[in-house]
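Novice: First the structure, then my questions, so here it is.
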């Protein structure tokens, strides 16, 4: 595995834990990873390793209230706060490297990445969206109608067809294992509406999704994608795959598709 450097920085609502993965060779692009709800950036070590091998220097952060960052656990008051913290990381990489920047967002991280790209259309060379919750989940609205909200945490079995993925998730102390908070559901619903009413993404975008994704259902995600897609949009749906396609039984295929897209977007190694 490549070396991981850690560096906390002041975020919009507290200290944010940042990470940098770097190889020995001179990078040709920067990849920034935005993780999903309830998890943390170090679950993407294997993705970072593949990106490093491809010629990237990789950055990520634990979102506010996630992983080793400060904040109430998995409490999302406004997705704009997460977009702002992500912006700090991107701005720092711009100043440090001056290289093309690609943004990879999974699940809630895909929602954050989409909002960042809508607000900063010229800051990025490309965006990869993995199972993004840009269309939300009908279950969110149903939960918000209940008082109190029942304790229904994410089922690890809904993540991947690879059992060890769910098993590792279930015992990971940096993963939030509790129920959804009301403010979090409200914030996600509001951000989904902002995506729908925001501008199209004119930069190169690769949308990847599992056919049987229960957490970001394919149908509602496709409707949302149709509202923001442009001529530079590419997509691939993996038959039988669930939510965490970067941790699925065909993860090598998925990561390979990401690298192929990025080589087209930022140029192949010479």
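Every number in this text was worked out from the coordinates using simple rules, so none of it is lab data. Note that the coordinates shown come from a computational prediction; the quantities given were computed from them, not determined experimentally. Cβ sites come from the backbone with ideal geometry, for glycine too, and all protein chains shown count toward neighbours.
Novice: Taking only C-alpha pairs under 8 Å that are 6+ residues apart, what is the relative contact order of the chain in percent?
Specialist: This gives 19 percent for the chain.
Novice: Label region 131-251 by shape, choosing from rounded, prolate and oblate, from the square roots a ≥ b ≥ c of the eigenvalues of the Cα gyration tensor; if a/c is under 1.5 it is rounded, and otherwise prolate applies when a/b is larger than b/c, oblate when it is not.
Specialist: In terms of gyration-tensor shape, oblate.
Novice: Let a ≥ b ≥ c be the square roots of the eigenvalues of the Cα gyration tensor of region 3-266; is it rounded (a/c under 1.5), or, if not, prolate (a/b larger than b/c) or oblate?
Specialist: rounded
Novice: Using mean Cβ contacts within 10 Å as the protection proxy, how do 100-108, 134-142 order, highest first?
Specialist: Descending mean neighbour count gives 100-108, 134-142.
Novice: For n ≥ 4 DSSP H runs only, could you compute -39500 (n - 2.57) per run for the chain, divide by its residues and tell me the 222 nm figure to the nearest 500?
Specialist: -11500 deg cm²/dmol
Novice: Here is a further query. Only bridges whose two residues both fall in the chain count here: according to DSSP, what percent of them are antiparallel, nearest 5?
Specialist: 30 percent
Novice: Using a 10 Å cut-off on Cβ atoms, rank the peptides 4-16, 250-262 from the highest mean neighbour count down.
Specialist: Averaged packing, sorted descending, gives the order 250-262, 4-16.
Novice: Hey, another quick one. To one decimal place, what Kirkwood hydrodynamic radius in Å is obtained for region 145-208 from all pairs of distinct Cα atoms?
Specialist: Result for region 145-208 stands at 14.9 Å.
Novice: Pairs of Cα atoms under 8 Å, at least six residues apart: use those to get the relative contact order of region 204-270, whole percent.
Specialist: About 40 percent, as a whole number.
Novice: Let me ask something else. State, as an integer percentage, the relative contact order of region 1-158 based on alpha-carbon contacts under 8 Å between residues 6 or more apart.
Specialist: In percent, rounded to a whole number, it is 22.
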